[in-house]
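**Student:** Below is a structure I'd like to ask you about.
The values are calculated or read from the model by the stated rules, or taken from the named source; none is laboratory data. What you see is a predicted model; the values in this text were computed from it and never measured. Backbone-built Cβ (ideal geometry, glycine too); neighbour counts: all protein chains shown. Ligands, DNA and RNA are excluded from the accessible area calculation, which covers all protein heavy atoms including side chains. Shrake-Rupley method; radii C 1.70, N 1.55, O 1.52, S 1.80 Å.
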Amino acid sequence: MSKKKKSSSDNTIAQNKRARHDYHIEQRYEAGIALMGWEVKSLRAGRGSLNDTYVLVKDGEVSLVGTHISPLLSASSHVVCNPTRERKLLLHGNQIRELEEAIAQKGYTCVPLALYWKGHLVKCDIALVKGKKLYDKRDAEKDRDWARQKERLMKHDK
């Protein structure tokens, strides 16, 4: 069974669905990523993953740590590939300062939400987040279930 071909309007490469479940999203930023050529080719083939990825802010630089980009055999035959290397995120100086100040506060962290194409460039949607408690997660699940049930009821009434 072959995979479905992605439509041209779908520009998402990878999503971090776990982040929306585990954190309250406070503020979002769009960052560019400094990539090597083989990484771009692999991302075009859909071989990127944001599982266990986090954003590290240190010495005025922002890095994406733990992102796994699997190398293509044909595209990276002459280069030594490290699929989980630390990748630099490109942000404006004032955005980096905002992130540093917010992360210094108790309970805040920064996580990537998605990798996507913007024209020919790869962008990373990162967010300043605060951890959810267990009861918050249960409330969110109840709200989702109720919204789904409400939608079913409205559909049957018509």
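**Student:** Extending each Cα 7 Å along its Cβ direction at R44 and K132, get the distance between those two points in nm, one decimal.
**Tutor:** For the pair R44/K132, the computed spacing is 3.7 nm.
**Student:** Could I ask something else about it? Note the full-extension length gain between R148 and D52 as 0.36 nm times their separation in residues minus their Cα-Cα distance, in nm to one decimal. Could you put the intermediate results ahead of the total?
**Tutor:** Values: separation 96, 0.36 × 96 = 34.56 nm, distance 2.90 nm.
Going from the current span to full extension adds 31.7 nm.
**Student:** With r defined as the distance between the Cβ atoms of Q105 and V79 and R0 fixed at 41 Å, what FRET efficiency is calculated, to the nearest 0.05? Working shown, then result.
**Tutor:** Numbers: r = 40 Å, r/R0 = 0.99.
Approximately 0.50, to the nearest 0.05.
**Student:** Leaving ligands, DNA and RNA out of it, report the carbon-plus-sulfur percent of the accessible area of the range 29-158 at a 1.4 Å probe.
**Tutor:** On the way: 4210 of 8280 Å².
The C+S portion of the solvent-accessible surface of the range 29-158 is 51 percent.
**Student:** Further question: Can you work out the FRET efficiency for the pair E61 and K17, with r the C-beta to C-beta distance and R0 = 25 Å, to the nearest 0.05? Present the calculation step by step, with values, prior to reporting the outcome.
**Tutor:** Details: r = 27 Å, r/R0 = 1.09.
That pair, E61 with K17, gives E of 0.35.
**Student:** Nothing charged except the Cβ atoms of Lys and Arg (+1) and of Asp and Glu (-1): what's the magnitude of the dipole of the chain about its Cα centre? Round to the nearest 20 debye.
**Tutor:** Details: 31 positive and 20 negative charges, 175 e Å.
Charge dipole, the chain, about its Cα centre: 840 debye, nearest 20.
**Student:** Starting from the Cα-Cα distance between H92 and A140, subtract it from 0.36 nm times their residue separation and give me the gain in nm to one decimal. Don't skip to the end; give the middle numbers.
**Tutor:** Working: separation 48, 0.36 × 48 = 17.28 nm, distance 3.35 nm.
Using 0.36 nm per residue and subtracting the Cα-Cα distance, I get 13.9 nm.
**Student:** Pick from E39, E98, E30 the residue whose mean-square fluctuation is largest in a GNM of the chain, springs joining Cα atoms under 10 Å.
**Tutor:** Per the Cα network of the chain with a 10 Å cutoff, E98 tops the list.
**Student:** To continue, here is another question. Report relative contact order for the range 1-133 in percent, whole number only (criteria: Cα-Cα under 8 Å, sequence separation at least 6). All intermediate terms of the calculation are to be shown ahead of the outcome.
**Tutor:** On the way: 244 pairs, mean separation 47.0, N = 133.
Reported relative contact order: 35 percent.
**Student:** To continue, here is another question. Which order do the peptides 131-144, 101-114 take when ranked by the mean count of other beta-carbon atoms within 10 Å per residue, highest first? It would help to have the intermediate numbers written out before the result.
**Tutor:** Values: 131-144: 11.0, 101-114: 15.1.
Most protected by this proxy first, the peptides run 101-114, 131-144.
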